[in-house]
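The values are calculated or read from the model by the stated rules, or taken from the named source; none is laboratory data. All values derive from a computational prediction rather than experimental measurement. Note: ideal-geometry Cβ built from the backbone for every residue, glycine included; neighbour counts use all protein chains shown. Please note that ligands, DNA and RNA were not included when accessible areas were found on the heavy atoms of the full protein model with its side chains. Shrake-Rupley method; radii C 1.70, N 1.55, O 1.52, S 1.80 Å.
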Amino acid sequence: MKLQQYLGGLEGLNDPIDFDTRVFAEPWEKRIFAIHVSMMGLSNHLEGIQDIPSNFDSKYTWADLRERAESMHPFDYFKFRYYEKWVGGVADFLIKGGYINEEEWDAKTAVYLNNADEQLPSVSEPAIDHQVIEYLRKGDSLYRESDRKPQFSAGETVLVRNNHVMLHTRLPGFVRSQKGVIEIVYEGNYTYPNSTGTDGIGEPMPVYCVRFDPKDIWGEHVESKSMIYVDIYEAYMDKLAQ
Amino acid sequence: MSERFKYVEDREMFSAARVKALEALLIEKGIISSEAVDKVIGYFETDMGPFNGAKVVARAWVDPEYKARLLKDTPAAVAEMNFPRGMTGVEGEEMKAVENTSDVHNLIVCTLCSCYPWPLLGLPPYWFKDPSFRARSVREPRAVLKEFGLELDDSVEVRVWDSSAQIRYFVLPERPAGTEGFTEEQLAALLTPEAMQGAAKVKVG
């Protein structure tokens, strides 16, 4: 397990929450956000991408950034602000993919540290810009037509599995090994961009909205009259033993 | 003390240079163009943002039939609006509206990270990404909301929606009293991202 996958319900983070309504805290945060989005928009799994004149030739999706956020040392995860984590995640992907290396990144950083007014290189490529905005408009749906039929039905009580996670999961820790009631069986199947290995998702499969009573999870002392709804892939669920 | 407990000197200047260097390398290597980053930033200022969600909510407030359609099939109802193309685009491929009433209050969270309905609400604010919010909102939503200035009556049921798979949720808040003669435009102006995530009530004036 990784702490980042178990944040929901975690005790001890009891400082008042900073009700900071800003989306970005610093101007540079906008730019790392947009770099990440541009890379997702140039991912080599997208339709028609072969015609776009970019040297990026990797599959790059949310899953790659999430894997990296969940792989961080938990102390660093809490220490760094949201987009600081993105800088590390995006750069790690580019370095491991051979697109950039640490030395040239350090050297270029030194240039801009010495002179913040130094301009970015100017290379226009409208086809890249168009592709990235088209990606934003079209999306990259995880929905798949498939013959795989749901094994559970609405109203059924199910047991959430606790599969071993090596890297990344879409199952929040607080519902693991808990019982929940299926609220909605979503139509169709949903894939995940990367296989999560022993965790179990990646192939198209049904997804359910499952309702949990917080009293079952944390005990009778928790607040009254509240319910939690979590969307859960079928690979994370078991039939309840009779 | 370990390096782990320190930030670099000039933390923000360093990050700014680091990110600018990354962007420069990507341009030099022909991965992105020099305009790509600005175009993406601009897209979220003009086309995708909370101004879209506000229009959807205002329409639902004035048109009960539209509201029923919105709650039943959110993407189809959103498609009825005269929005720029892209409402089923990135992080809006599957969206679902949940309704606040006098008996039910909904709160949206993403305990694993920061899933958020981009086309309708834009990008997530810092409170939504805060590890403390993500830790506490599922276990003690009433206490969290009270800190945000929203005190719920004991009789109100709280539903917390954790966006962990394909659905991106948003809240259809209650229409505030005293807005009877308001136009859709005036109503839309009352809405905030916080109200459409269940972290605040809609206030008049």
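Things worth noting here:
- Global geometry of segment B:1-131, whether rounded, prolate or oblate, following the gyration tensor of its Cα atoms and the 1.5 cut on a/c: oblate
- Average beta-carbon neighbours from other chains, 10 Å sphere, peptide B:189-201: 1
- Equivalent ellipsoid dimensions for segment A:36-94 as semi-axes, Å, which come from the Cα gyration tensor, largest first: 27, 10, 8
- For segment B:37-53, 3J(HN,Hα) computed residue by residue from phi via the Karplus equation (6.51, -1.76, 1.60; θ = phi - 60°) reads 4, 5, 5, 5, 4, x, 4, 7, 8, 10, 9, 10, x, x, 4, 6, x Hz, glycine and proline entered as x.
- Over segment A:161-242: Kirkwood hydrodynamic radius from C-alpha pairwise inverse distances, Å: 13.7 Å
- If you take all other residues with their beta carbon under 14 Å from the beta carbon of A:ARG148, and give Lys and Arg +1 and Asp and Glu -1, the sum is -3.
- A Gaussian network model of chain A, with springs between Cα atoms under 10 Å, assigns the largest mean-square fluctuation among A:ARG148, A:ARG66, A:ARG22 to A:ARG22.
- Normalised radius of gyration (Cα atoms, divided by 2.2 N^0.38 Å) for chain A: 1.20.
- Amide H within-cut-off set for A:SER146, under 5 Å, with H built and near neighbours excluded: A:ASN189
- Average beta carbon contacts from partner chains per residue of A:20-27, 10 Å cutoff: 6
- Backbone HN-Hα couplings from phi across segment A:164-172 [Karplus 6.51/-1.76/1.60, Hz, Gly and Pro as x]: 6, 10, 8, 9, 8, 8, 10, 10, x
- Backbone amide hydrogens, once placed in the peptide plane, bring B:VAL104 within less than 5 Å of B:GLU157, excluding anything fewer than 5 places away on its chain.
- When only alpha carbons are used to place a centre, segment A:157-201 and segment B:19-58 end up 32 Å from one another.
- Neighbours of B:GLY89, meaning other residues whose beta-carbon lies under 11 angstrom from its beta-carbon, give a summed charge of -2 when Lys and Arg score +1 and Asp and Glu score -1.
- Overall dimensions of the protein assembly as shown as given by Cα atoms, namely Rg and Dmax in Å: 22.0, 69
- Remark: mean inter-chain Cβ contacts per residue of A:230-236 equal 4, using a 10 Å Cβ-Cβ cutoff to other protein chain atoms.
- Accessible solvent surface per residue of chain B, calculated while the other protein chains remain in place, 1.4 angstrom probe, Å²: 38 Å²
- Cα gyration tensor category, rounded, prolate or oblate, for segment B:49-197 with a/c compared to 1.5: oblate
- Furthest towards positive pole of dipole, B:THR74, B:GLY42, A:VAL37, structure part the protein assembly as shown, Cβ charges: B:THR74
- Annotation: the antiparallel percentage among DSSP beta bridges lying fully within the protein assembly as shown is about 55.
- Carbon-plus-sulfur accessible fraction, the protein assembly as shown (probe radius 1.4 Å, protein heavy atoms only): 50%.
- The distance separating the Cα centre of segment A:1-24 from that of segment A:68-124 comes to 24 Å.
- Residues in segment A:134-176 reached by a label modelled at A:ASP216 [backbone nitrogen below 19 Å; 7 Å Cα→Cβ]: A:151-163, A:171-176
- Residues in segment B:75-88 carry Karplus couplings, in order, of x, 5, 5, 5, 5, 5, 6, 8, 9, x, 4, x, 6, 10 Hz; the curve used is 6.51 cos²θ - 1.76 cosθ + 1.60 with θ = phi - 60°, and Gly or Pro positions show x.
- Interface size, chains B and A: roughly 9100 Å² of accessible area buried, both sides included, 1.4 Å probe, rounded to the nearest 100.
- With the highest mean first, a sort of the peptides B:109-121, A:164-176, A:187-199 on other beta-carbon atoms found within 10 angstrom per residue produces B:109-121, A:164-176, A:187-199.
- Taking the helices alone, chain B has a mean residue ellipticity at 222 nm of -11500 deg cm²/dmol, built from -39,500 (n - 2.57) per DSSP H run of at least 4 residues and averaged over all its residues.
- Summing +1 for each Lys or Arg and -1 for each Asp or Glu among the other residues whose beta-carbon sits under 15 angstrom from that of A:SER58 gives -1.
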